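Asks: Below is one structure. I have some questions about it.
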Amino acid sequence: MDRTIVITGANRGIGLAFVDYYLAQDDEVIAVCRKASADLKATTARIIEHIDVTSQADLNALKKSLAGQHIDILINNAGVLSNETLDDFDIAGIEKQFITNALAPLAVVETLQNNLQQGSKVAMITSRMGSIEDNGSGGYYGYRMSKAALNAAGKSLAIDLKPRGISVALLHPGLVSTRMIGFAGDVAPEGAVEGLTQRIEALNPDNTGTFWHANGDVLPW
């Protein structure tokens with residue numbers, strides 16, 4: 001299709017599945033990560049590694065590397081998860097999740113906003129665990145709070161970028177079998193990406209700011 005796709009957290013799991021999917025569509029893929037995996041290096045993607053999206057210096061380096069590069073689809077996929085309970089409380093762990101899951105994706109969009117033009121799309125990989133209405137089991141304080149914050153940021157981005165013709169989606173991939181959750185999920189990364197990419201293709205200025213499940217269901221905030 002000859003589009004340019006930028007994916008963060010592209011070295012494994014959902015990120016790597018996105019890389020494989022878009023390469024198969026004949027798109028130009030730019031894979032951003034802290035350290036490239038052997039699987040990522042085996043692809044034909046352009047790899048920009050040593051980028052920690054929580055580091056302003058690294059984001060400045062990313063901006064320089066992509067200067068003048070039009071981005072058709074920006075996928076903010078990098079994230080972390082830990083489980084805090086009232087009996088096992090870790091403020092540092094919660095702060096890390098806020099920085100990585102909520103602040104960093106917003107900072108990536110701010111950093112690369114001049115690479116986005118009319119018709120560009122931004123996908124924020126979030127979680128239904130960030131839904132307040134859907135929370136029926138408690139726990140996971142840092143992850144839930146950080147994903148709720150990401151959803152709020154994505155909604156604001158959708159409003160702020162709409163006049164420029166740039167659309168934003170908040171996307172829940174399902175319970176995906178990745179290292180982040182000890183491979184305990186019931187969906188393979190490739191299966192999740194099949195649904196996620198359908199949502200990205202359907203994204204437009206009329207439905208920008210929607211919180212979607214990969215299967216197409218609209219999720220409650």
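The values are calculated or read from the model by the stated rules, or taken from the named source; none is laboratory data. What you see is a predicted model, and the numbers here were worked out from it, not measured in a lab. Heads up, the Cβs are rebuilt from the backbone with ideal geometry, glycines too, and the neighbour counts pull from every protein chain shown.
Asks: What pairs can you find where one residue is in the range 70-89 and surrounded by fewer than 22 Cβ atoms within 10 Å (Cβ to Cβ), the other is among the acidic types (D, E) and assigned to a loop (DSSP other than H, G, I, E, B), and their Cβ atoms are less than 6 Å apart, with a gap of 6+ or different chains?
Replies: E84/D90
Asks: Of the residues that make up the range 39-46, is at least one basic (K, R) and part of a loop (DSSP other than H, G, I, E, B)? Let's see the steps before the verdict.
Replies: Filtering the range 39-46 for residues basic (K, R) gives 41, 46.
Narrowing the set further to residues that are part of a loop (DSSP other than H, G, I, E, B) leaves none.
Checking the range 39-46: not a single residue is basic (K, R) and part of a loop (DSSP other than H, G, I, E, B).
Asks: Still on this structure: Looking at (1) free of Cβ contacts under 8 Å to residues at least 60 places away in the same chain; (2) touching a Cys at 6+ places or on another chain (Cβ under 8 Å); (3) assigned to a loop (DSSP other than H, G, I, E, B), which is the only condition V53 fails?
Replies: Here V53 meets the rest and fails (2).
Asks: Considering only the range 106-159, state which residues are β-branched (V, I, T) and not in a helix (DSSP H, G or I).
Replies: Step one: filter the range 106-159 for residues β-branched (V, I, T), giving 108-109, 111, 122, 125-126, 132, 159.
V122, I125, T126, I132 - these are the residues of the range 106-159 that are β-branched (V, I, T) and not in a helix (DSSP H, G or I).
Asks: Residues to consider are V32, V53; find the one that is closer than 24 Å to V187 by Cα and among the hydrophobic types (A, V, I, L, M, F, W, C). So that I can check it myself, show each step before the final result.
Replies: Details: V53 fails: closer than 24 Å to V187 by Cα.
Answer to the selection: V32.
Asks: Would you check if there is a residue in the range 96-113 being surrounded by 16 or more Cβ atoms within 10 Å (Cβ to Cβ) and either at pLDDT below 95 or in contact with an Asp or Glu (Cβ under 8 Å, 6 or more places away or on another chain) (or both)?
Replies: No, the range 96-113 contains no residue that is surrounded by 16 or more Cβ atoms within 10 Å (Cβ to Cβ) and either at pLDDT below 95 or in contact with an Asp or Glu (Cβ under 8 Å, 6 or more places away or on another chain) (or both).
Asks: Turning to a different aspect of this structure: How many residues does the range 1-30 contain that are under 16 Å from L196 (Cβ atoms), in contact with a Lys or Arg (Cβ under 9 Å, 6 or more places away or on another chain) and assigned to a strand (DSSP E or B)?
Replies: Of the residues in that region, 1 qualify.
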